[in-house]
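Down below is the structure, laid out as structure tokens.
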Amino acid sequence: MLRQERYRDIDHARGGARAQVQASGECERALKIYSGVCHGTLGELLQGPYAQDGELHIGLISLPVRKYSWIHFAPGEDGDIDLDLAGKDKCRQAIALYLQQHGKHLPSGRWSHDSELPLGKGMASSTADIVATIRCLDRIFGLTSAPAAIADLLRGIERSDSVFLDTHALYLSGRQRIVQAFDTPLRLHACYIDEGGTVETEKCAHPLLAHYQRHLDAYRDNLERALRAFAAHDLSGICACATQSARLAQGVIAKRHLDALLERQADFAADGIVVAHTGSLLGYLFVERPDAARMGELSAFFRGLGHQCRFAETGF
């Protein structure tokens, strides 16, 4: 009897050891995944003209949102980058530019991608994909790409947002240049809808610049007010400038429901209105998070417009 119990104890110990080895192997395999992550935006607090070196550029202050894009790489697996990243041409372009810049060669492996950022809506989905790709490559090769290096890579690929920064900033989307970074933390709450359809950002540059030329004074006044509001950490003032930016943008990519939101803004005690200037999103901004009753009222209002609203916390 004692011998049988001893054998059972030995078998149990061996089983536990095998389980530990198996778990260790699974953990080791799991660790052989390299990932890069980047947040997106909920449109822009501000978009308008900014003069630099005698030229007029598209300047913006993006509104970061806690929704993300992921790029993963599993080394040693049998992968095909053209198939793994099909439809992600800019990610593949970023990989080629990165490897050329650093004189590196990719090991064999498989790429994969996931995102909470829909395409063509004004959530910086394309730029977030590229930045996540660069960050994944950094992890593969044990490097760290500084913001300036990421901006250099983006400059060779597309007009971009400033999602590679961890702060709000006035940013030139075509030049990929930071004009001014705002160190003060800024957290706002948004209730927004997607009016539908998609917008190709690259096709908007010329119409935007022509529109800016016709309304330079209004845009410059709003930018100056916004810069003062950021300096004073005046969240209500920032929201008011976002509202004015949304109004000004109606001359290029109009939002069908902006007038309705403006009309009901006071009823919901919203501090401002935010839009994706080259996208299909618009909604209310709040300095304080709406309570459950207010969220219900907002949901009913937007449902009455024919849309399901979403709530999101913005900032870092």
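In whole Hz, with x marking every Gly and Pro, tabulate ³J(HN,Hα) for region 98-109 from phi via Karplus 6.51 cos²θ - 1.76 cosθ + 1.60, θ = phi - 60°.
4, 5, 5, 5, 9, x, 10, 10, 6, x, 5, x
Given a 1.4 Å probe and heavy atoms of the protein chains only, how would you sort VAL179, VAL163, largest accessible area at the top?
From most exposed to least exposed: VAL179, VAL163.
Within region 246-266, find all residues whose amide N lies under 20 Å from a label point positioned 7 Å from the Cα of ALA300 along Cα-to-beta-carbon.
Residues 260-266 qualify, since their backbone N sits under 20 Å from the label point.
Apply the Karplus curve 6.51 cos²θ - 1.76 cosθ + 1.60, θ = phi - 60°, to the phi angles in region 177-185 and return the couplings in whole Hz, x for Gly and Pro.
10, 7, 7, 7, 9, 10, 7, 5, x
Please state the relative contact order of region 137-288 as a whole percent: Cα pairs under 8 Å, 6+ residues apart?
Value for region 137-288: 23 percent.
Give the accessible area for ASP53 in Å² (nearest 10); use a 1.4 Å probe, count only protein heavy atoms, and leave out ligands, DNA and RNA.
Approximately 110 Å² for this residue.
Of LEU170, TYR98, GLY122, which is farthest towards the positive pole of region 67-193's charge dipole, taken about the Cα centre with +1 and -1 on the beta-carbons of Lys, Arg and Asp, Glu respectively?
Most positive-ward Cα: LEU170.
Treating cross-link reach as a plain straight distance, find the lysines whose alpha-carbon is under 22 Å from the alpha-carbon of LYS255, omitting any fewer than eight places away in the same chain.
LYS121, LYS203
I'd like to know which of VAL199, HIS113, VAL131 lies farthest towards the positive end of the charge dipole of the chain, counting +1 on Cβ of Lys and Arg and -1 on Cβ of Asp and Glu.
The Cα lying farthest towards the positive end belongs to HIS113.
For the chain, what is the accessible area per residue in Å², given a 1.4 Å probe and the full set of protein chains?
50
Carbon-plus-sulfur fraction of the accessible area of the chain, 1.4 Å probe, in percent?
49
With a cut-off of 8 Å between alpha carbons and a minimum separation of six or more residues, what is the relative contact order of region 199-316 in percent?
Once normalised by length, the contact order is 21 percent.
Give, in nm to one decimal, the length gained when the segment between PHE316 and HIS233 is fully stretched (0.36 nm per residue of separation minus the Cα-Cα distance).
28.4 nm
If you take the beta carbon distance between LEU262 and HIS102 as r and set R0 to 45 Å, what does 1/(1 + (r/R0)^6) give as a FRET efficiency, to the nearest 0.05?
Here the calculated transfer efficiency is 0.35.
Mind putting a number on the dipole of the chain about its Cα centre? Charges go on the C-beta only, +1 for Lys and Arg and -1 for Asp and Glu, and I need it in Debye to the nearest 20.
Charge dipole, the chain, about its Cα centre: 460 debye, nearest 20.
In percent, how large is the relative contact order of the chain, given Cα pairs closer than 8 Å and 6 or more residues apart?
Relative contact order of the chain: 22 percent.
I want to check the label-to-label distance for ALA269 and ALA148. Put each point 7 Å from Cα in the C-beta direction and report it in nm to one decimal.
Going by the 7 Å Cα→Cβ label model, 4.7 nm.
Between ALA86 and ALA51, what length comes free when the chain is fully extended (0.36 nm per residue of separation minus the Cα-Cα distance, one decimal in nm)?
Residue separation times 0.36 nm, minus the Cα-Cα distance, leaves 8.8 nm.
How much of ARG228 can a 1.4 Å solvent probe reach, expressed as accessible area in Å² and rounded to 10?
140
For region 83-142, what is the convex hull (Cα atoms) projected area averaged across all directions, in square nanometres?
4.3
What's the percent breakdown of Cα-Cα distances in region 131-258 across 5 Å bins, shortest bin first?
2, 8, 14, 17, 20, 19, 11, 5, 2, 1
Which of the following values of percent of Cα pairs over 27 Å apart was calculated from the structure shown: (1) 39; (2) 50; (3) 42?
(2)
Name the residue, out of ALA148, ALA124, ALA270, whose mean-square fluctuation peaks in a Gaussian network model built on the chain with Cα pairs under 10 Å.
In this elastic network of the chain, the residue with the biggest mean-square fluctuation among ALA148, ALA124, ALA270 is ALA148.
The values are calculated or read from the model by the stated rules, or taken from the named source; none is laboratory data. Note that the coordinates shown come from a computational prediction; the quantities given were computed from them, not determined experimentally. Methodologically, a virtual Cβ is constructed for each residue, glycine included, from the backbone with ideal geometry; neighbour enumeration extends over all protein chains shown. Just the protein is used for accessible areas: all its heavy atoms, side chains included, with ligands, DNA and RNA removed. Shrake-Rupley method; radii C 1.70, N 1.55, O 1.52, S 1.80 Å.
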